[in-house]
1. With the structure loaded, tell me whether A:Phe172 is in a strand (DSSP E or B), more than 29 Å from A:Ala220 (Cβ to Cβ) and either open to solvent by 10 Å² or more (accessible area, probe 1.4 Å) or touching a residue at least 40 places away in the same chain (Cβ under 8 Å) (or both) or whether it fails that test.
2. Any residue in segment A:259-267 that is open to solvent by 20 Å² or more (accessible area, probe 1.4 Å), farther than 26 Å from A:Val124 by Cβ and in contact with an Asp or Glu (Cβ under 6 Å, 6 or more places away or on another chain)?
3. Determine whether A:Ile8 is more than 30 Å from A:Val258 (Cβ to Cβ), hydrophobic (A, V, I, L, M, F, W, C) and in a helix (DSSP H, G or I).
4. Answer yes or no: is there a residue in segment A:188-195 that is within 14 Å of chain B (Cβ to nearest Cβ), open to solvent by 10 Å² or more (accessible area, probe 1.4 Å) and of a type in the set (Val, Ile, Thr).
5. Looking at A:Asp43 and the list (1) free of Cβ contacts under 8 Å to residues at least 24 places away in the same chain; (2) open to solvent by 50 Å² or more (accessible area, probe 1.4 Å); (3) within 13 Å of chain B (Cβ to nearest Cβ); (4) under 27 Å from A:Thr305 (Cα atoms), which single condition is not satisfied?
6. Which one of these does A:Cys74 not meet: (1) under 30 Å from A:Gly207 (Cα atoms); (2) more than 14 Å from chain B (Cβ to nearest Cβ); (3) touching a strand residue (DSSP E or B) at 6+ places or on another chain (Cβ under 6 Å)?
7. Select from segment A:201-220 the residues that are more than 12 Å from chain B (Cβ to nearest Cβ) and assigned to a helix (DSSP H, G or I) and write down the one among them that is surrounded by the fewest Cβ atoms within 10 Å (Cβ to Cβ).
8. Could you identify the single residue in A:Val133, A:Val120, A:Val55, A:Val109 that is in a loop (DSSP other than H, G, I, E, B) and farther than 30 Å from A:Leu209 by Cβ?
Amino acid sequence: MSRGKEIIEALRTLADRNYTFMHICGTHEASIARSGLRSVLPDNLTIVMGPGCPVCITPQGEIDAALELAEKDCILATYGDLLRVPGSEGSLESCGGEVRVVQGVHKAVEIAEKTDREVVFLSVGFETTAPTVAATILQSPPENFSILSLHRLVPQAMQWLLEQGEAQLDGFMLPGHVCAVMGYEEYEKFPVPQVVAGFEPEDILLGLLMLVNQVREGRAEVENAYPRVVCREGNVRAKELMYEVFEPCDAEWRGFPVIPQSGLRLKEQFSAYDARKKFDVEIRHVDTHSACICDQVLRGVARPTDCKLFGTACTPRKPVGACMVSHEGACKIWYLYQRNP
Amino acid sequence: MCIAVPAEVLEIKEGKIGVVDYGDLRQEVRLDLVDVEVGEFVLVHVGFAIQKLSREEALETRELFRQVYAAMEE
């Protein structure tokens, strides 16, 4: 990590006041925690995780909707991350219904092709994942296949965080793989320093250095520290397919209120594949009463270790909050790598 | 959820399916979202290639690193 050392030296020289940056990606957090990167940063340079884990920001009401589909005897196909997320009564893992873990949506279609039962894919994820579902829907999967669309869009959450100001941020490290698909044009409207960064520790350090430099020089633009994967326009075909099949809708995020136009729902002409309509499932807002502070962790105003439950009542084996469940959740990552930071 | 892994395209089959090589693992992936040829690199996420990569772009990052160091030495 010799290059990294040089960047750390530069950061030590340049970080002349307190800087706080937010990243919005569980893969960034995993890389930061695994490499112990926070321990080598200057004390006045802080990087916090925002709402960058699609499983964690899926609110309880949507988990309850999935459990209702299991009760209605649908086979549920999902990414493994969702299995232990607590709903109001139990989780997918404990619900007794037929739940199958799949690599992606195409494998859920393969299950539907081999059965007469209804198969519902729990379609969670940001803009990296939504185009794969769109491409699959456009191939006219069998009639017994449908999706529960739980997709979310990253820029809308950033907009909310900026308007709200609670986390007092100097800038954002943008998620490299969301930007691989979407590009970064739509982030240019935000009047705040932003850098698209890759996932190696050196990539993240480079991103931090570029952010510090923007702040010092009074610039607020989008810079790309990950050009080996990301270009400004992104993957044009993937974006076109996504908006051919989905349209934005208002959506609640765990830890946030309803954020306007931050979700994706299937367009009218694809209603036959919409599990909400097909099985008449309603998504309700659920108030949670617990000492769990996942909501604050997701907004970047608390650290996992600030939670009284962290590592005691709440562990990956028996998670209380969603952030302890997913491999991309801040609490689970901290539990794995730095229980005593 | 947004983990994506680079892989080389070894073979392209009927129905937009490709065989890719991650280094020590070969797997079939969907190619619906990209136009690629055998020998090119893609980024694979949840069983789909979501973007094409090029060797030149990989080298560009190195150049960016170099520029940052040069700026630091000024």
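The values are calculated or read from the model by the stated rules, or taken from the named source; none is laboratory data. The structure displayed is predicted, hence computed values, not measured ones. Cβ coordinates were reconstructed from backbone atoms using ideal geometry, including for glycine residues, and neighbour counts include every protein chain displayed. Surface areas here come from the heavy atoms of the whole protein model, side chains and all, with no ligands, DNA or RNA. Shrake-Rupley method; radii C 1.70, N 1.55, O 1.52, S 1.80 Å.
1. Numbers: in a strand (DSSP E or B): yes; more than 29 Å from A:Ala220 (Cβ to Cβ): no; either open to solvent by 10 Å² or more (accessible area, probe 1.4 Å) or touching a residue at least 40 places away in the same chain (Cβ under 8 Å) (or both): yes.
So A:Phe172 fails the test.
2. So far as segment A:259-267 goes, no, none of its residues is open to solvent by 20 Å² or more (accessible area, probe 1.4 Å), farther than 26 Å from A:Val124 by Cβ and in contact with an Asp or Glu (Cβ under 6 Å, 6 or more places away or on another chain).
3. yes
4. Initial filter on segment A:188-195 (within 14 Å of chain B (Cβ to nearest Cβ)): A:195.
Next, only the ones that are open to solvent by 10 Å² or more (accessible area, probe 1.4 Å) stay: none.
The answer is no; no qualifying residue exists.
5. Here A:Asp43 meets the rest and fails (3).
6. Looking at each condition in turn, A:Cys74 falls short on (1).
7. If we filter segment A:201-220 for residues that are more than 12 Å from chain B (Cβ to nearest Cβ), which is where we start, we get A:201, A:204, A:211, A:214-216, A:218-220.
Still in the running and assigned to a helix (DSSP H, G or I): A:201, A:204, A:211, A:214-216.
Working: A:Pro201: 19, A:Ile204: 25, A:Leu211: 26, A:Gln214: 20, A:Val215: 18, A:Arg216: 14.
The qualifying residue surrounded by the fewest Cβ atoms within 10 Å (Cβ to Cβ) is A:Arg216.
8. The match here is A:Val55.
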